[in-house]
C-alpha cells in the first residue's frame with residue numbers, strides 16, 4: 001500500500017458474520033492497528049485520509065458486504081457506526097431482511113424493515129452500498145435514501161455483462177442521486193476476466209464518465225491480495241446452504257481468479273492513473289478518479305445528518 | 001388445559017429471538033417441565049400425545065413463528081429439531097431470509113436459501129408453517145416441500161378477509177399437498193372479531209371442510225391466555241423498527257383483543273365440539289377436527305425422512 005501510494009482502504013469486515021462475529025473481526029483489526037501504527041490506523045472521516053496522506057500511512061475504513069452484522073436489530077445501525085462501520089451493503093447476492101441480492105431469481109425491492117433501516121443509516125452516517133444487490137432493490141435504495149449512496153465495487157454491464165455489474169439505468173440513477181461508483185478490478189467483473197487489458201479497462205472508465213459524469217466515479221478494487229481460497233468459499237457459501245455455491249467461479253475454478261498482469265496488487269495503482277491519462281483524461285480528472293471523488297464523498301457522508309423531528313408519533317390515549 | 005381436555009399444545013418459543021435467545025426460551029420451558037411434571041412434559045411425537053391423554057397431562061410441542069432462531073445457518077435446522085422444535089414458520093409478517101411475510105407489499109416467493117432450508121426441514125422432520133407468510137411464498141412452499149406442510153393458525157379469507165387469513169387457492173393447494181389448516185380463535189382473525197359467534201365460526205369450519213376435505217382441518221387456537229401486552233408488542237415490533245407497528249390492532253387498541261365469550265380460555269374447547277355437532281358434523285368428524293387429524297399429521301411429520309443420496313455433488317478435478 002505504501003509503494004502504491006494508497007492513503008485509504010475500504011476493507012471488508014463482514015460477509016456473513018453476525019454482530020458478535022463482526023465485532024471479533026473489528027477486534028482483530030484493532031490488534032493490527034496496535035502492532036503496525038507506522039503503517040495503518042482506523043479511518044473514520046475524510047480528514048483521516050488527508051492525515052494518512054501527510055504521514056505516509058494508510059487509513060483503514062470498515063465496510064460490511066452484507067447487513068448480517070445488524071441482525072434483526074435497527075439499534076445496531078448506530079452501534080456499528082460507533083464501532084467505525086462506514087459502509088454497509090443491504091444484501092449480498094441473496095435476499096436479506098432489507099433488500100434482494102443479485103443472484104436471486106426475483107427482486108421485490110426494499111422490504112418493510114429495509115425502509116426503516118435506510119432512514120436510520122441516513123441519520124447516523126452509514127453509507128448504503130448496493131454492490132451485490134439486484135436492480136430493483138438498488139433503484140429503490142437510491143430513491144428512498146435521503147443521502148447519496150455508493151456502489152463501491154462493480155463495473156458497467158455494457159462493458160462486461162456479469163450479474164454483478166450494473167445497468168445504465170442504475171448507473172445514471174446513482175449519479176443523479178449524487179452517488180459514487182467504484183470500478184472493480186476483480187477478474188470476474190472484467191471483460192476477458194484475468195486477461196483484461198489496461199486499455200480496455202480505461203476505455204470503459206471513459207465511457208462510464210460520459211454516462212455518469214466524472215464526479216461520480218472512482219476505484220473500488222475488490223482486491224483480495226494474498227487471501228486464502230477459504231475466504232472466497234465463505235463469501236459465496238456462508239452457512240446458508242449444504243451445497244457448494246461457486247458464485248462467479250466454477251467447480252473447476254473455485255478459488256480466487258488470477259489478477260490481470262497490470263494490476264497484481266496495491267503497488268500497481270499508478271499504472272491505472274497512467275492508463276487513464278492515455279485514454280484522454282486530464283491530470284485533474286485522473287486525480288479525482290484515483291481518489292479525489294471518494295474523498296469528497298467521505299467528507300459529506302460519514303457524519304450525522306442534521307437533526308430532524310423524532311419519527312415516533314406521540315401516543316394519544318384515544 | 002386439564003379442564004379443557006387438552007392433551008397437546010403447540011407453543012410458540014420464538015417470534016424474533018435469535019438461536020441463543022430461543023435456547024433460553026427452551027430452557028425456561030425445561031424449568032416448567034421440572035416444576036410441574038404432573039401437568040406437562042415435552043412433546044416430540046404423536047405417541048407423546050397419546051401418553052398425555054392416558055395420563056391426564058399435556059404434551060408441549062415447540063414451534064417457532066419465524067425462522068429467526070436458525071439465523072443464517074442451515075446447520076441449525078437439525079440442531080433445533082434435536083432441541084425439540086417441530087414447527088417453524090418461514091416468515092413472520094415481514095420478509096425473511098427464506099420467504100415473504102403477509103404484511104410486505106411484494107411477495108417474490110421462496111428465496112435461494114429458502115429452497116435449501118425446505119429440503120433440510122423435510123429431511124429432519126421439522127414442519128413448515130406458513131401461517132404468517134404471503135400468498136405466493138405459501139404456494140411455492142407447498143410445491144417445493146416433499147412432505148405435507150401446515151398453516152397452524154389462520155382462517156379462510158372468504159369468511160373474514162384479514163391479511164393473515166388465507167385464500168381458497170392456498171387452502172386447496174394445502175389440502176392437495178396433504179397439509180393441515182388450524183382454525184384460529186384470535187379475535188383479529190374472526191368475523192366480527194371479539195363479537196364473533198360460535199355459530200358463525202362453526203359454519204365457517206363446515207364451508208372449509210367442503211373446500212379442503214375434513215381430513216385437513218383442525219384447531220390452532222392462537223390463544224394468548226393471560227399473556228401481558230408486552231408479548232404482543234414484541235410479536236409485532238421485534239427490533240426491526242423505531243416506529244411502533246400495531247399489526248392487526250391500532251394505537252387505540254394496542255394490546256391483546258378480548259376473546260369471544262364462547263372461547264375465553266382452554267376450558268372452552270368442548271363448546272367448539274358441541275358447536276361443530278350443531279352445524280352437522282358427526283361424532284367421528286368432530287373428533288378428527290378437535291384433534292384426530294393433527295395426531296395423524298404429527299405421526300407422519302416429525303420423524304426423519306427416508307435416507308436419500310447425499311445432495312452434495314462429488315468434486316471432480318477437471
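The values are calculated or read from the model by the stated rules, or taken from the named source; none is laboratory data. In this text the structure is predicted, and so the values were computed from the model without any measurement. In this analysis, Cβ positions are derived from the backbone assuming ideal geometry, glycine residues included, and neighbour counts consider all displayed protein chains.
The set of residues in segment B:215-231 that are buried (at least 20 other Cβ atoms within 10 Å of the Cβ) and part of a helix (DSSP H, G or I) contains only B:216. Within segment A:171-180, restricting attention to residues that are touching a helix residue (DSSP H, G or I) at 6+ places or on another chain (Cβ under 6 Å) and surrounded by fewer than 24 Cβ atoms within 10 Å (Cβ to Cβ), the residue that is nearest to residue A:301 (Cα to Cα) is A:177. Each residue in segment A:189-199 was checked for being buried (at least 17 other Cβ atoms within 10 Å of the Cβ) and in a helix (DSSP H, G or I), and 3 of them qualify. A count restricted to segment A:96-122 and to residues that are more than 10 Å from chain B (Cβ to nearest Cβ) and part of a helix (DSSP H, G or I) stands at 3. Taking the numbered list (1) touching a strand residue (DSSP E or B) at 6+ places or on another chain (Cβ under 6 Å); (2) within 20 Å of residue A:212 (Cβ to Cβ); (3) more than 14 Å from every other protein chain (Cβ to nearest Cβ) in turn, residue A:126 passes all entries but (2).
Screening residue B:70 on (1) within 14 Å of residue B:18 (Cβ to Cβ); (2) touching a strand residue (DSSP E or B) at 6+ places or on another chain (Cβ under 7 Å) shows it passes everything except condition (2). Go through the residues of segment B:38-45 one by one and say whether even a single one is farther than 19 Å from residue B:301 by Cβ and within 13 Å of chain A (Cβ to nearest Cβ). No, segment B:38-45 contains no residue that is farther than 19 Å from residue B:301 by Cβ and within 13 Å of chain A (Cβ to nearest Cβ). Taken over segment A:232-265, the residue count meeting the criterion of being more than 13 Å from every other protein chain (Cβ to nearest Cβ), within 19 Å of residue A:95 (Cα to Cα) and in a loop (DSSP other than H, G, I, E, B) is 1.
Within segment B:241-288, being crowded, with 18+ Cβ neighbours inside 10 Å, at pLDDT 90 or above and more than 30 Å from residue B:210 (Cβ to Cβ) holds for one residue alone: B:241. Taking segment B:123-161 as the range and being assigned to a helix (DSSP H, G or I), surrounded by fewer than 20 Cβ atoms within 10 Å (Cβ to Cβ) and in contact (Cβ under 8 Å) with a residue 60 or more places away in the chain as the test, only B:124 passes. Just to be sure, is residue B:204 crowded, with 20+ Cβ neighbours inside 10 Å, assigned to a helix (DSSP H, G or I) and without any contact (Cβ under 8 Å) to a residue 60 or more places away in the chain? So residue B:204 passes the test.
Within segment A:172-195, does at least one residue satisfy the condition of being within 14 Å of chain B (Cβ to nearest Cβ) and either closer than 25 Å to residue A:103 by Cβ or in contact with a strand residue (DSSP E or B) (Cβ under 6 Å, 6 or more places away or on another chain) (or both)? Within segment A:172-195, none of the residues are within 14 Å of chain B (Cβ to nearest Cβ) and either closer than 25 Å to residue A:103 by Cβ or in contact with a strand residue (DSSP E or B) (Cβ under 6 Å, 6 or more places away or on another chain) (or both).
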